[in-house]
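Structure record follows, encoded as structure tokens.
The values are calculated or read from the model by the stated rules, or taken from the named source; none is laboratory data. This is a predicted model, so every value here is computed, not measured. Here the Cβ positions follow ideal geometry from the backbone for every residue, glycine too, while neighbour counts run over all protein chains shown. Surface accessibility is based on the protein's heavy atoms, side chains included, excluding ligands, DNA and RNA. Shrake-Rupley method; radii C 1.70, N 1.55, O 1.52, S 1.80 Å.
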Amino acid sequence: MKVISGPASKELAEEVSAQTGFPNVPVLSKVFPDGESYVRLDGNVQGEEVAIVQTTCPPMQDGRLFQLAFLADAAKRTGATKVTAVVPYLAYARQDKMFLAGEGISVETIARMLKAAGIDHFLTVNIHSEPTLKQFPFPAKTLSAIPAIADYFVKKGYKGAFALSPDKGAMYIARQAQEVLGGDVGYLSKTRDRYTGQTVQTAEGLKVKDKTVIILDDIISTGGTIVGAAKILLEQGAKHVFCGCVHGLLIGNAEKRILDAGIEEIVGTNSVPGSVSKVSLAPLISQALKGAV
Ligand code: R5P
């Protein structure tokens with residue numbers, strides 16, 4: 001297998017190559033003056049299985065999706081036998097249902113486009129909803145970075161911390177963290193107005209007084225969910241509040257809002273390279289790719 005460095009995940013792809021021993025294929029890329037993307041494989045993939053590592057987080061998530069599709073096409077046209085897309089953050093994964101009449105299912109559209117471009121196999125990390133993958137037109141799997149994030153906190157001395165999910169749907173995430181942290185687990189209730197996007201969070205029967213709490217979520221976008229959760233936890237007497245997320249999109253001033261709300265540290269992964277990407281996905285992805293060949 002060879003590992004192709006998608007322009008959005010160059011460092012991660014190089015780490016994966018180093019950890020797997022699979023040769024790295026660099027990519028030359030540019031954006032034309034009119035905004036269109038150009039990519040070119042700078043290596044030979046004839047007769048090879050390839051894994052293209054390319055996250056599709058903002059900014060430019062549409063452009064990054066197209067770069068991924070163009071790389072798959074380039075790989076197939078130059079003789080790759082099988083193309084696995086390794087997409088640490090999959091854009092549009094939250095539009096996985098027709099929530100309102102007249103909507104489409106964006107994530108399924110994306111998957112069909114990627115299939116048409118030449119992708120045969122798909123690997124992602126903590127997709128928003130795992131059942132989504134069953135609708136994809138190729139074998140698809142989601143890995144979980146939550147144990148690695150929880151381990152980051154253990155190494156910082158927070159063994160035994162309370163793992164909190166900011167909504168019931170993400171409780172599986174908190175439970176995975178709890179297995180590593182070894183403390184209690186709980187959740188807040190969150191409801192979202194589908195027209196305004198406004199959310200309301202409530203807590204029932206949470207016992208967090210004087211405890212260290214780590215809020216765990218798949219995505220932080222505007223930070224509203226984490227800020228709301230922090231407010232409730234601090235009102236209920238939590239002593240220290242941290243936050244671990246897989247995909248720290250941190251749109252606008254989300255990072256500042258979260259820290260201003262009393263969260264002591266935000267820990268994310270390099271599915272979204274940036275100031276909070278403190279946990280690398282390279283070991284997780286490398287292990288999965290080694291198991292796939
Ligand atoms: C939604 O259900 C997700 O799991 C996240 O909780 C959500 O995307 C976070 O968004 P925001 O940071 O804008 O509250």
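For the range 229-279, a simple Cβ point-charge model (Lys and Arg +1, Asp and Glu -1, everything else neutral) yields a dipole of about 40 debye relative to the Cα centre. The value of relative contact order for the range 143-197, using C-alpha pairs under 8 Å at least six residues apart, is 38 percent. The Cα atoms of the range 191-293 define a convex hull whose projected area, averaged across directions, is 8.4 nm². Of the trypsin sites (Lys or Arg not before Pro) found in the range 136-166, those in coil by DSSP whose Cβ has at most 15 other Cβ atoms within 10 Å are K156, K159. Within the range 30-159, DSSP assigns beta bridges of which about 15% are antiparallel (rounded to the nearest 5). Placing +1 on the Cβ of every Lys and Arg and -1 on the Cβ of every Asp and Glu, with no other charges, gives the range 1-145 a dipole of roughly 220 debye about its Cα centre. Among the GluC sites (Glu not before Pro) within the range 190-275, those in coil by DSSP and having at most 15 neighbouring Cβ atoms inside 10 Å are E204, E264. What the chain shows is 45 Å² of accessible area per residue, with the surface traced by a 1.4 Å probe over protein heavy atoms. No solvent, one uniform scatterer per C-alpha: report log10 I(q)/I(0) for the range 61-132 via the Debye equation at q = 0.20 1/Å, two decimals. Computed log10 I(q)/I(0) values: -0.84. Each listed q (0.14, 0.23 Å⁻¹) maps to a log10 I(q)/I(0) for the range 86-202, found by the Debye formula over equal Cα scatterers with no solvent: -0.74, -1.21. When the listed pairs K134/K168; K97/K231; K30/K134; K10/K141; K211/K231; K134/K290 are checked against a 25 Å cut-off, the alpha-carbon distance exceeds it for K97/K231; K30/K134. For the range 1-110, the relative contact order comes to 24 percent (Cα pairs under 8 Å, sequence separation of at least 6).
Figure the gain on full extension for K134 and T78 (residue separation times 0.36 nm, minus the Cα-Cα span) and round it to one decimal in nm.
17.2 nm
What per residue convex hull volume, in Å³, do the alpha-carbon atoms of the chain yield? Kindly include the intermediate steps, with their values, before the conclusion.
Details: hull volume 38.8 nm³, N = 293.
Cα convex hull per residue, to the nearest whole number: 132 Å³.
Short-range pairs are left out: with C-alpha atoms under 8 Å and at least six residues apart, the relative contact order of the range 165-253 is 29 percent. Shown for the chain: the carbon plus sulfur share of the solvent-accessible area, taken with all protein chains present and a 1.4 angstrom probe, equals 51%.
Could you name the aspartates and glutamates in cross-link range of K82, using Cα to Cα under 14 Å and dropping any fewer than eight places away on the same chain? Partners within reach: E48, E49, D73, D120.
Under unit Cβ charges (Lys, Arg +1; Asp, Glu -1), what dipole magnitude, rounded to 20 debye, does the chain have relative to its Cα centre? Don't skip to the answer; put the middle values down first.
Values: 31 positive and 29 negative charges, 61 e Å.
The dipole magnitude comes to about 300 debye.
Ordering I285, I219, A230 by the projection of their Cα atoms onto the charge dipole of the range 200-293, which places +1 on the Cβ of Lys and Arg and -1 on the Cβ of Asp and Glu, puts I285 at the extreme positive end.
Could you tell me which residue out of N253, P166, G102 lies farthest along the dipole of the chain toward its positive end? Charges go on the beta carbon: Lys and Arg +1, Asp and Glu -1, centred on the Cα centre. Positive-most Cα among the choices belongs to P166.
The chymotrypsin sites (Phe, Trp or Tyr not before Pro) of the range 1-103 that DSSP puts in a loop, and whose beta carbon has at most 13 other beta carbons within 10 Å, are F99. With contributions of -39500 (n - 2.57) from each DSSP H run of at least four residues, the per-residue ellipticity at 222 nm computed over the chain stands at -9500 deg cm²/dmol.
Each residue, Q236 and M98, gets one label point 7 Å from its Cα in the Cβ direction; the gap between the two is 3.8 nm.
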